[in-house]
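K.L.:
The structure that follows is given in the form of structure tokens.
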Amino acid sequence: MTDQGNNNHNISCNPFAALFSSVADAKQFASSQKPQQPSAQAPSEDSGESQSESENSVSDSVDENDDSVAEISRSFRSRQELCEQLNVNHMIQRIFLITLDNSDPSLRGGNGIPPRCVYLEEMAADLDGQDWLDMDNIEQALFNRLLQLEPGNHLIYMTSCSAVNLSADRDAGEKCAIPYLFGCYQRAKEELTKVPEKLHSFAVRCKNLTVSNARTVLLTPEIYINQNIYEQLLDLLLEGFRAARPEEVVEFVGEVIAALLSDQEVRTFEEVIVPVFDIFQGRIKDLDLCQPLLYYYLDVLLYFSHHKDIAKVLMEHIQPKDPANGLQYQKSLLGMVLNISCLLRTPGVVEGHGYFLNPSRSSAQETKVQEANIHQFMGQYHEKLHQILKSLLQRSGETRHLLLTWMGSCLQANAGRAKIWANQMPEIFFQMYASDAFFLNLGAVLLKLCQPFCKPRSPKLLTFNPTYCTLKDVSEEERRNRNIHAKGLEKETCLIPLPPQQQVESAQSYSLLTENLIFTQLTLHLGFHRLHEQMVKMNQSLHRVQVTWQEAQRTGNPMSEQLLEQFERLMIVYLSTKAATTQPAMLQCCLNLQASTAALLVQLSMGNQGSEHVALNFPLASLHNTMLCYIPEFFAENMGDFFIFLRRFADDVLETSAESLEQILNFITVFMGNVERMKNPHLRAKLAEVLEAVMPHMEPLAPGAAQPIVFQRERVFCSYVHAPQLAEALITVFVDIEFT
């Protein structure tokens, strides 16, 4: 093979020659890389020497060809590295929207370059001529970018296109650290789906950099001037839910939280997240029930409740400094959320109230539409609260213990709400106890949590253990281990006294069902009962004021204007209270609970301590080792209150649940005339009112008024199998009333 052929063969066999369009181009490039050879010397006269030199020249030619191949390889490796470096630089620019290159945009290739970047002038000067970003300097570059007070002032055009691009300007010039890093995180994730495999590891490192820098920002917020970092984190979550794209935000925040939890030397996780809670609490207290923004905040709170570490800190954060102060529970973050309602924020002050304005000038249809609107928002609101509390109860044993402790202490601290004096001294009442709105919403949420076992013949009901209500002087360790979180129940009067010979056999631990049922009934006793009384009194006051006003108008009394204003104010309060207490889903849940409670108490009255319900039969057997002596009277009082309330303010609900009415009739039949099972004569007399409330009424109506539908109630009463015993119980209670 000739030298030239040998040379061509070596070049064509070199794998780097594939980068050229032909072997000739590769050979030309190799020739240009060879050092210039010295000029040939005159041949020697000695023919022997000439032969030797000829042989050497062939050998040198082969060596020179090998050198050419090595040069090509080195050159291509250099070009390959340069190409990779260029690609990494472009990728970093696309992710972080920063650059060290301030050259004329027309000299750059437009492919793979973002339209706008922040020029890091100081860093470019420090690097003394290096105008590209790489994995060695990106950390410093990102830190410098985050410290810039006005990054928008350093924006440069990266391409020759100078058209207005507001989104590019906004993204690159983002001043706030957390949103900027989240944007970088999103762009890094996008790069992972686009870049070649060889750049994949660089994109992953860039994504990890956004997370580690977000962690640093949250740990050292003081170095980022004029920025509220914790507010930015809350706003990022809020914006994610508002834009219906929370998945990426949750993923980013989740990675940042994991990084924060992994190293807590600078700041503990609690120190980072509590300021976010404080901002959340400050904002939500001013939101309104019918304001869509409220529900995005509740989505954020639901996210907090789903994250076990955030949920634990949240539960620790809401514990009051003074557990005996009932109002402090309302002032906690969870209390603020529970305090949102269409009820007046400040009792008696209608100025600034947003519901039922000018009621005397509104038609009945307009009032009904507004009430329906409130009910719709209340339904969404209670469902969100239910999801939040359910999530907290399921998160971990510690979180559940803290939440139940908060509830138990709250109910004990607010026990005074049920006292008679509380309604007579409102000034003192509102300084000591949580509001009606707080208790109404807490009751609505607890009712939802009870629904899985709120079926009259549910076997789960029979797992309820009423000995829970007798426990006192329980240590904190016992409360944790035995699931005992309610306090002060031993002071409550029960349906019957504890027989002298009967020993209390408390359980080693109590189920969540037992605690849930007791918490719910106690909350209704402290909340719903009071609102019912208020509505009855307001109804009476409205009637009196209306009659007086009409009389004043008829006689031309100058007081008529003042009476009209008084009537308007009272009507606003009444309509708001009625809307708050008659939300259909809440009433249905309460109906289910009260019917189930009635069924449970009937089973206990028959001595049934098994796992299946037994049919009610008369005559009832004598009591022996009964559980009724552990049941607080407020269980029966709540039931009576609720059905009397329905008769007065939501009569149509009674028509929807025939099975529930049957359970109530069973309860009345068993307890109303039986002093052995219900000692309090006033409570037994109240059951006669309940019977009157659930009966079908065929009263004469005003002309034009619609006749109420009573078909289901008529059917239940006409087919009630224990009607003779019910009549006997009714006669017995009236005889007892006469004698007492």
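The values are calculated or read from the model by the stated rules, or taken from the named source; none is laboratory data. Just so you know, these numbers come straight off a predicted model, no measurement behind them. Reconstructed Cβ throughout: ideal geometry from the backbone, glycine too, with neighbour counts over all protein chains shown. The accessibility values were calculated without ligands, DNA or RNA, using every heavy atom of the protein model including side chains. Shrake-Rupley method; radii C 1.70, N 1.55, O 1.52, S 1.80 Å.
K.L.:
With volume of the Cα convex hull per residue in Å³ as the read-out, I listed [x] 289; [y] 273; [z] 184; which label goes with the value calculated from this structure?
P.N.:
Computing volume of the Cα convex hull per residue in Å³ and matching it to [x] 289; [y] 273; [z] 184 gives [x].
K.L.:
Share of the chain's accessible area from carbon and sulfur, percent, 1.4 Å? All intermediate terms of the calculation are to be shown ahead of the outcome.
P.N.:
Details: 18740 of 36110 Å².
Of the solvent-accessible surface of the chain, carbon and sulfur hold 52 percent.
K.L.:
Then there's this: Grab the beta carbon distance between residue 346 and residue 727, set R0 = 41 Å, and tell me the FRET efficiency rounded to 0.05. Could the numbers behind the result be given before it?
P.N.:
On the way: r = 50 Å, r/R0 = 1.22.
Calculated transfer efficiency: 0.25.
K.L.:
Right, here's the next one. If you take every residue apart from residue 227 with its C-beta less than 14 Å away from the C-beta of residue 227, what net charge results, scoring Lys and Arg +1 and Asp and Glu -1?
P.N.:
Details: positive: 145, 175; negative: 150, 174, 222, 231, 235.
Neighbourhood net charge equals -3.
K.L.:
Where a Cα-Cα gap under 29 Å defines reach, which lysines qualify for residue 207, not counting those fewer than 8 residues away within the same chain?
P.N.:
Correct list for residue 207: 175, 189, 194, 198, 308, 312.
K.L.:
List the residues of region 504-528 whose backbone N lies under 15 Å from a point placed 7 Å from the Cα of residue 490 along the Cα-to-Cβ direction.
P.N.:
Backbone N within reach: 504-507.
K.L.:
Please list, ordered by chain and number, the residues whose modelled amide H lies under 5 Å from the amide H of residue 494; skip anything fewer than 5 residues away on the same chain.
P.N.:
633
K.L.:
Next up: In the chain, if the dipole is taken from +1 on Lys/Arg beta carbons and -1 on Asp/Glu beta carbons about the Cα centre, which of 164, 541, 669 is farthest to the positive end?
P.N.:
In the chain, that residue is 669.
K.L.:
Give, rounded to the nearest 20 debye, the magnitude of the charge dipole that the chain has about its Cα centre when Lys and Arg contribute +1 at Cβ and Asp and Glu contribute -1 at Cβ. Could the numbers behind the result be given before it?
P.N.:
Details: 60 positive and 88 negative charges, 958 e Å.
So the dipole magnitude of the chain works out to roughly 4600 debye.
K.L.:
Further question: With a probe of 1.4 Å, find how much accessible area the chain has per residue, and write the answer as a whole number in Å².
P.N.:
Numbers: 36110 Å² over 740 residues.
It amounts to 49 Å² per residue over the chain.
K.L.:
Rounded, prolate or oblate: pick one for region 302-359, where a ≥ b ≥ c are the square roots of the eigenvalues of its C-alpha gyration tensor, a/c under 1.5 means rounded, and failing that, prolate if a/b is larger than b/c, else oblate. Intermediate results must be reported in sequence, preceding the final value.
P.N.:
Numbers: a/c = 5.63, a/b = 1.89, b/c = 2.98.
Cα axes put region 302-359 in the oblate bin.
K.L.:
Given the options 498, 399, 179, identify the residue whose Cα lies farthest towards the positive end of the charge dipole of the chain (+1 on Cβ of Lys, Arg; -1 on Cβ of Asp, Glu).
P.N.:
Going by the Cα projections, it comes out as 498.
K.L.:
Also, I was wondering about something else. Relative contact order, percent, of the chain when contacts are C-alpha pairs under 8 Å separated by at least 6 residues? Intermediate values should be presented prior to the final figure.
P.N.:
Numbers: 860 pairs, mean separation 65.5, N = 740.
For the chain, the relative contact order is 9 percent.
K.L.:
Within the set 537/686; 472/578; 331/368, which residue pairs have Cα atoms separated by over 30 Å?
P.N.:
Details: 537/686 19 Å; 472/578 38 Å; 331/368 33 Å.
Violating the 30 Å Cα-Cα cut-off are 472/578; 331/368.
K.L.:
Can I ask one more? Mind grabbing the accessible area of residue 487 for me, 1.4 Å probe, Å², rounded to tens?
P.N.:
Taking all protein chains as shown, residue 487 has close to 50 Å².
K.L.:
What full-extension length gain, to one decimal in nm, is calculated for residue 473 and residue 718 as 0.36 nm per residue of separation minus the Cα-Cα distance?
P.N.:
On the way: separation 245, 0.36 × 245 = 88.20 nm, distance 5.01 nm.
Value of the extension gain: 83.2 nm.
K.L.:
Please report the accessible area of residue 308 (heavy atoms, 1.4 Å probe, ligands and nucleic acids excluded) in Å², nearest 10.
P.N.:
120 Å²
K.L.:
Now, a different point. Given the C-alpha centroids of region 119-178 and region 301-368, what is the distance between them in whole angstrom?
P.N.:
45 Å
K.L.:
Can you list which of the DSSP-assigned H helices in the chain have a Cα extent of 30 Å or more along the long axis and an average Kyte-Doolittle score of at least 1.0? Show your work: numbers first, answer last.
P.N.:
Details: long enough: 47-96 (73 Å, -0.94); 197-219 (34 Å, 0.14); 364-395 (46 Å, -0.85); 528-555 (40 Å, -1.05); 560-581 (31 Å, 0.09); 584-605 (31 Å, 1.05).
Qualifying helices, which must be both long enough and hydrophobic enough, are 584-605.
K.L.:
Follow-up question, since we're still on this one. For residue 487, go through the aspartates and glutamates and keep the ones whose alpha-carbon is under 12 Å away, minus same-chain ones fewer than eight residues off.
P.N.:
473, 476, 515
K.L.:
If I take every Cα pair under 8 Å that is 6 or more residues apart in region 532-618, average their sequence separation and divide by the length, what percent do I get for the relative contact order?
P.N.:
Once divided by the residue count of region 532-618, the mean separation gives 22 percent.
K.L.:
Determine the shape class of region 393-503: with a ≥ b ≥ c the square roots of the Cα gyration tensor eigenvalues, call it rounded for a/c under 1.5, and otherwise prolate if a/b is greater than b/c, oblate otherwise.
P.N.:
Values: a/c = 1.45, a/b = 1.22, b/c = 1.19.
Rounded.
K.L.:
OK, next. Between region 557-631 and region 647-697, how many Å separate their Cα centres?
P.N.:
10 Å
K.L.:
A further question follows. How high is the relative contact order of region 458-593? Use alpha-carbon pairs under 8 Å, at least six apart in sequence, and give a whole percent. Can you show the working numbers first?
P.N.:
On the way: 69 pairs, mean separation 29.1, N = 136.
Value for region 458-593: 21 percent.
K.L.:
Would you please classify the overall shape of region 121-192 from the alpha carbon gyration tensor, given that a ≥ b ≥ c denote the square roots of the eigenvalues, rounded means a/c under 1.5, and beyond that prolate means a/b larger than b/c while oblate covers the rest? Each step should come with its number before you reach the end.
P.N.:
Values: a/c = 1.40, a/b = 1.17, b/c = 1.20.
Rounded shape, in that the Cα axes give a/c under 1.5.
K.L.:
Okay, moving on. Can you give the accessible area of residue 290, probe radius 1.4 Å, in Å² rounded to 10?
P.N.:
Approximately 30 Å² of residue 290 is accessible to the 1.4 Å probe.
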